[in-house]
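Asker: Can you keep this structure in mind? I'll have questions shortly.
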Amino acid sequence: MVNTNESRAHELERDGSFGRPSTVTTAWHRFEIAIGVMSRSLSVIGIFGVVMLIAVTTIDIVGSKAFNQPLTGSLGLIRLAQLTAISFGMGITFLDGDHVKVEMLSRRLPPKVQATMSSLVNFLGFMLFFLIIWQMISLGRSFQISGEMIDELYIPWYPFIYATVVAFVPVCLALLLELGNSLSRVVKR
């Protein structure tokens with residue numbers, strides 16, 4: 001039995017395309033590779049968020065149970081770690097195909113209809129993340145003006161909101177790339 005994640009990793013190592021054929025031009029292929037490099041680089045920050053989440057939770061539990069002294073500001077740190085882990089891991093998760101897809105019905109449809117549906121879903125996903133980025137910039141600006149702080153830590157929230165915007169850019173670009181790939185399958189004879 002072949003592990004699909006391992007085969008995808010081998011394809012990525014070979015050509016950087018994340019298992020998708022480069023269909024249009026070398027510029028399109030370079031765009032695809034750049035998104036992959038950007039997503040992989042940002043995923044390292046997401047890994048740091050997971051490690052921070054584990055460390056803060058462990059220190060808080062041990063401190064409160066063994067020493068009757070919970071970690072001050074643990075709730076704010078946990079929120080920050082969750083934000084970091086989720087947002088910075090999204091790009092590579094999408095590119096590797098490890099996100100949730102429901103394809104029970106669409107697999108039975110003709111390839112052109114599948115490609116059309118995929119184009120529509122990728123367009124809607126792109127628009128959703130574009131709106132999320134836009135609203136996150138607005139939220140970051142309002143937090144910057146109001147001076148919103150993380151609970152009990154007195155660290156401003158706005159740099160982390162802006163960092164989340166940076167983390168969502170590769171997801172938006174990957175959806176745009178998928179939209180282009182699915183549209184090319186729609187117009188292909």
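The values are calculated or read from the model by the stated rules, or taken from the named source; none is laboratory data. Because the structure is a prediction, the values reported are computed rather than measured. Counting neighbours? That spans all protein chains shown, and the Cβs are built from the backbone with ideal geometry, glycine included.
Asker: Restricting attention to segment 100-109, does a residue exist that is modelled with pLDDT under 85 and within 26 Å of Ile161 (Cβ to Cβ)?
Answerer: For segment 100-109, residues modelled with pLDDT under 85 and within 26 Å of Ile161 (Cβ to Cβ): present.
Asker: May I ask you to list the residues in segment 156-189 that are farther than 30 Å from Thr116 by Cα and in contact (Cβ under 8 Å) with a residue 24 or more places away in the chain?
Answerer: Phe160, Ile161, Tyr162, Ala163, Thr164
Asker: Please go through segment 141-154 and give me each residue that is surrounded by fewer than 18 Cβ atoms within 10 Å (Cβ to Cβ) and part of a helix (DSSP H, G or I), ordered by number. First the steps, then the outcome.
Answerer: First, pick out the residues of segment 141-154 that are surrounded by fewer than 18 Cβ atoms within 10 Å (Cβ to Cβ): 141-142, 144-154.
Scanning segment 141-154 gives Arg141, Ser142, Gln144, Ile145, Ser146.
Asker: For segment 60-85, which residues satisfy the criterion of being basic (Lys, Arg) and within 20 Å of Ile150 (Cα to Cα)? It would help to see each step written out before you state the result.
Answerer: Looking only at segment 60-85, we keep the residues that are basic (Lys, Arg), and these are 65, 79.
Within segment 60-85, Arg79 is the sole residue that qualifies.
Asker: Quick one: in segment 78-95, of everything that is modelled with pLDDT of 90 or more and surrounded by fewer than 19 Cβ atoms within 10 Å (Cβ to Cβ), which residue is farthest from the chain's Cα centre (by Cα)?
Answerer: So the residue we want is Ile78.
Asker: Checking Asp98 against (1) part of a helix (DSSP H, G or I); (2) of a type outside the set (Ser, Thr, Tyr); (3) closer than 19 Å to Ile45 by Cβ; (4) within 15 Å of the chain's Cα centre (by Cα): exactly one of these is not met. Which one?
Answerer: (1)
Asker: With (1) crowded, with 16+ Cβ neighbours inside 10 Å; (2) assigned to a helix (DSSP H, G or I); (3) not polar (S, T, N, Q) as the list, and Leu71 as the residue in question, which single condition is left unmet?
Answerer: Just one mismatch for Leu71, condition (2).
Asker: Given the conditions (1) modelled with pLDDT under 90; (2) charged (D, E, K, R); (3) in contact with a Ser or Thr (Cβ under 6 Å, 6 or more places away or on another chain), and given that Asp60 satisfies all but one, which numbered condition is not satisfied?
Answerer: The one condition Asp60 does not meet is (1).
Asker: Same structure again: Could you please find all residues in segment 155-189 being outside any helix (DSSP H, G or I) and at pLDDT below 90? Spell out how you get there, then give the answer.
Answerer: Narrowing segment 155-189 to residues outside any helix (DSSP H, G or I): 155-157, 188-189.
Answer for segment 155-189, where residues must be outside any helix (DSSP H, G or I) and at pLDDT below 90: Lys188, Arg189.
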